[in-house]
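Just so it is clear, none of the values below were taken in a lab; they were calculated from the coordinates. Worth saying up front: this structure is predicted, and the values here are computed from it rather than measured. Using ideal geometry, Cβ is built from the backbone for each residue, glycine included, and neighbour counts are taken over all protein chains shown.
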Amino acid sequence: MKSKIWLSPPHMGGSEEIFVKEAFESNWIAPAGANISGFERDLESFLGQDCLVSCLSSGTAAIHLALIQLGVKENDEVLCQSFTFVGSVNPIIYVGATPVFIDSELETWNMSPDFLEKAILDRISKGKKPKAIILVHLYGMPAKMDDILRIARQYGIPVIEDAAEALGSQYKGQKCGTFGDFSVLSFNGNKIITTSGGGAIVSKTMEEKEKAIFYATQAKGNEEHYEHSEVGFNYRMSNVCAGIGRGQMKVIKERVAQRQSNHSFYHDLFEKNPEISLFKAPSKVFSSNYWLSCILIGEKVHFNKNDIINHFDKNNIESRSLWKPMHLQPVFKTFPFYGAAVSDDLFKRGVCLPSGSNMTIVERDEISRVLTEFISMYS
């Protein structure tokens with residue numbers, strides 16, 4: 001049986017073992033050590049904009065700590081992009097707040113500025129001014145940051161920028177992960193770079209960075225004994241995992257270029273096929289890392305997304321549906337939603353294609369063959 005072609009597998013660069021070995025040799029097998037501070041410096045250098053990074057156990061943990069630092073509490077409301085992974089939303093529930101979901105716009109698939117402003121005005125009219133906005137750069141595509149930040153500033157609402165899928169993406173030449181009052185990164189096994197699991201919170205000031213680390217290490221004070229004035233969490237990244245991250249940072253530019261090359265491959269594959277459209281940047285100000293290359297099935301064809309996914313599966317190729325919007329999820333069905341049916345339609349017609357940075361020419365040829373075979377079945 002031929003080897004499986006995965007959607008987005010981990011891709012090691014070769015130097016990760018050096019840093020992991022250092023952790024073992026120094027016996028820093030703990031959520032402390034030189035690799036953590038080293039990984040944070042590497043990320044700060046890569047992001048620029050004088051950002052400060054605190055490495056954590058997950059991107060979800062980073063959103064949770066951002067909400068806490070912004071003072072979001074029980075009965076507050078947080079505006080959140082509906083078209084995203086559930087990890088963007090769960091932390092709102094953790095702090096006892098209410099998510100208010102915002103639909104997408106069609107150009108970037110991210111938070112619609114129009115629906116965002118409508119939601120803000122409506123919530124204010126109800127006496128519930130939102131305490132924060134969580135926007136996402138979905139599949140690596142930057143959101144419409146100028147419009148969203150203008151609205152956020154106009155109404156005095158802080159922004160949490162979920163750049164979990166967008167490390168290496170840029171909007172108008174500025175790296176995603178540097179726009180928010182707090183920003184969030186993820187190093188899950190399927191991301192642009194990985195630490196097997198893990199994430200980071202990006203802050204603007206040293207006080208905010210130190211506070212994030214304080215909360216992430218069980219809110220332990222500086223006293224010699226264990227002194228706790230606040231509730232904390234076990235969210236700090238392992239020194240071993242951070243060693244993997246330091247190795248991954250050696251090849252991050254290469255990894256972004258490889259994902260973008262995959263997107264170019266799919267562009268050529270679908271360029272003359274009106275039945276399937278490839279998700280792409282709406283203009284040159286949006287520079288996506290194309291973490292995942294995604295397609296939309298035409299509305300008038302005789303097949304649907306599940307037909308493509310099942311055909312791939314029969315040929316030992318992994319693909320998957322786009323995210324199911326959060327306002328359609330059973331667990332969140334009672335919460336407010338502002339929009340039309342943009343994200344609903346994207347979910348109905350969209351497919352994520354294999355996009356690993358280690359995809360080979362042989363694998364591309366097989367994907368091309370299987371897709372050509374599939375389309376011919378419905379011609």
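The chymotrypsin sites (Phe, Trp or Tyr not before Pro) of segment 207-247 that meet both conditions, a loop assignment by DSSP and at most 10 other Cβ atoms within 10 Å of the site Cβ, are Tyr226. Exposure proxy for Cys241, Cys55: other Cβ atoms within 10 Å of each Cβ, ordered fewest to most, give Cys241, Cys55.
For Arg320, the amide hydrogen comes within under 5 Å of the amide hydrogens of Cys352, counting only partners 5 or more places away or on other chains and with H modelled in the peptide plane. In this calculation the C-beta distance from Asp307 to Asp146 is compared with R0 = 56 Å, giving a FRET efficiency of 0.90. Among Ile151, Ile244, Ile133, the largest mean-square fluctuation in a Gaussian network model of the chain, built with springs joining Cα atoms closer than 10 Å, belongs to Ile151. Would you please classify the overall shape of segment 80-156 from the alpha carbon gyration tensor, given that a ≥ b ≥ c denote the square roots of the eigenvalues, rounded means a/c under 1.5, and beyond that prolate means a/b larger than b/c while oblate covers the rest? Oblate, since a/c reaches 1.5 and b/c is not below a/b. Entry note, the chain: the mean residue ellipticity at 222 nm calculated from DSSP H runs of n ≥ 4, each adding -39500 (n - 2.57), is -11500 deg cm²/dmol after division by the residues and rounding to the nearest 500.
Sort Tyr155, Tyr139 by Cβ crowding within 10 Å, fewest neighbours at the top. Could the numbers behind the result be given before it?
Working: Tyr155 16, Tyr139 24.
Ranking Tyr155, Tyr139 by Cβ neighbours within 10 Å, fewest first, gives Tyr155, Tyr139.
Going from the residue with the fewest nearby Cβ atoms within 10 Å to the one with the most, Ser376, Ser88 rank Ser376, Ser88. Here the chain carries DSSP beta bridges of which approximately 60% are antiparallel, counting only pairs with both residues inside.
Would you mind putting 161-173, 257-269 in packing order, based on average other-beta-carbon counts within 10 Å, highest first?
On the way: 161-173: 24.2, 257-269: 17.5.
By packing density, highest mean first, the sequence is 161-173, 257-269.
Structure note, pairs Lys272/Lys305; Lys128/Lys324; Lys211/Lys253; Lys129/Lys280; Lys253/Lys314; Lys144/Lys284: Cα-Cα distances above 24 angstrom occur for Lys128/Lys324; Lys211/Lys253; Lys129/Lys280; Lys253/Lys314. Relative protection proxy for 304-313, 360-369, 342-351, from highest mean packing down: 342-351, 304-313, 360-369 (other beta-carbon atoms within 10 angstrom).
Computing Rg and the Kirkwood Rh from the Cα coordinates of the chain gives a ratio, Rg/Rh, of 0.98. Compare Ile193, Ile124, Ile148 in a GNM of the chain, Cα atoms joined below 10 Å, and give the one with the largest fluctuation. Its mean-square fluctuation being the largest, the pick is Ile124. Restricting to DSSP loop positions (anything but H, G, I, E, B) with no more than 10 other Cβ atoms inside 10 Å of their own Cβ, which GluC sites (Glu not before Pro) remain in segment 247-280? Here the sparse-neighbourhood loop sites are Glu271.
Among Ile297, Ile92, Ile18, the largest mean-square fluctuation in a Gaussian network model of the chain (Cα springs under 10 Å) belongs to Ile18.
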